[in-house]
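Read the structure below first, then the notes.
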Amino acid sequence: MSLAFTITLPIADRHRSHRFYRDGLGLEPVGEVAQDGLPEPLQFRLFGEAYLCLIPEEGFGWVLGDRALSPAGHSECLLGRAVADADELAAVTEAMREAGGTVLTPPTHQPWGFESIVADPDGHVWQLYLG
């Protein structure tokens, strides 16, 4: 049996999120294109059989049932991406900002390593680090 994993996040706007993840993180969407010109579901292959899936908030809430989404400004997880060096970390941080993200922590030396923290347009938080 082959293992496949999907990380699913709620979003407010498919086109805005598509731009952020394609242009900011350099991910390529996969799947059948819907009427709005984007894959449905809006998914990006991370590696192998691991995917990031972005679902409009109302659909995400429907999947969860009676459980509410986290309020704006609250994070239930920290997503991470390793980069090769400080120059790549700075470049990806800037690409994410230009694609609609919010830089929460600019490239900085922390006690645990060199990192930056960027929120996507829906407030999901990404940690870029040297790996």
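Rule-based calculations on the coordinates, nothing more; no lab input. Given the structure is predicted, the values throughout are model-derived calculations rather than measurements. Every residue, glycine among them, receives a Cβ derived from its backbone with ideal geometry; neighbour counts consider all protein chains shown.
Across the alpha-carbon atoms of the stretch 78-130, the computed radius of gyration and Dmax are 9.9, 29 angstrom.
Given that just one value was derived from the coordinates, which of (i) 7.9; (ii) 10.6; (iii) 9.3 is mean projected area of the Cα convex hull in nm²? Correct label is (iii). Sorted fewest first by neighbouring Cβ atoms within 10 angstrom, Tyr129, Tyr51 come out as Tyr129, Tyr51. By other beta-carbon atoms within 10 Å, ranking Thr102, Thr93 with the fewest at the front produces Thr102, Thr93.
With 0.36 nm allotted per residue and the present C-alpha distance subtracted, the His15-Leu64 stretch has 15.3 nm of extension available.
Below 15 angstrom from the Cβ of Ala86, what's the summed charge of the other residues (Lys, Arg +1; Asp, Glu -1)? The answer is -4.
Annotation for Ala72 and Thr105: the two label points, set 7 Å from Cα along the Cα-Cβ direction, are 2.4 nm apart.
Taking the Cα centre of the chain as the origin, how large is its charge dipole in debye, to the nearest 20, when only Lys and Arg (+1) and Asp and Glu (-1) carry charge on their Cβ atoms? Let's see the in-between values first.
Numbers: 8 positive and 19 negative charges, 21 e Å.
About 100 debye.
FRET efficiency for the Ile7 to Val33 pair, using the beta carbon distance and R₀ = 22 Å, is estimated at 0.50.
Taking other Cβ atoms within 10 Å as a rough exposure proxy, Trp112, Trp126 sort from fewest to most as Trp112, Trp126.
Using the Cβ atoms and a cut-off under 14 Å, what net charge is assigned to the surroundings of Phe114, where Lys and Arg are +1 and Asp and Glu are -1?
Working: positive: Arg81; negative: Asp85, Asp87, Glu88, Glu115.
Once all neighbours under 14 Å are counted, the net charge is -3.
Once both labels are positioned 7 Å from their Cα atoms along Cα-to-Cβ, the gap between Leu130 and Ala95 label points is 2.0 nm.
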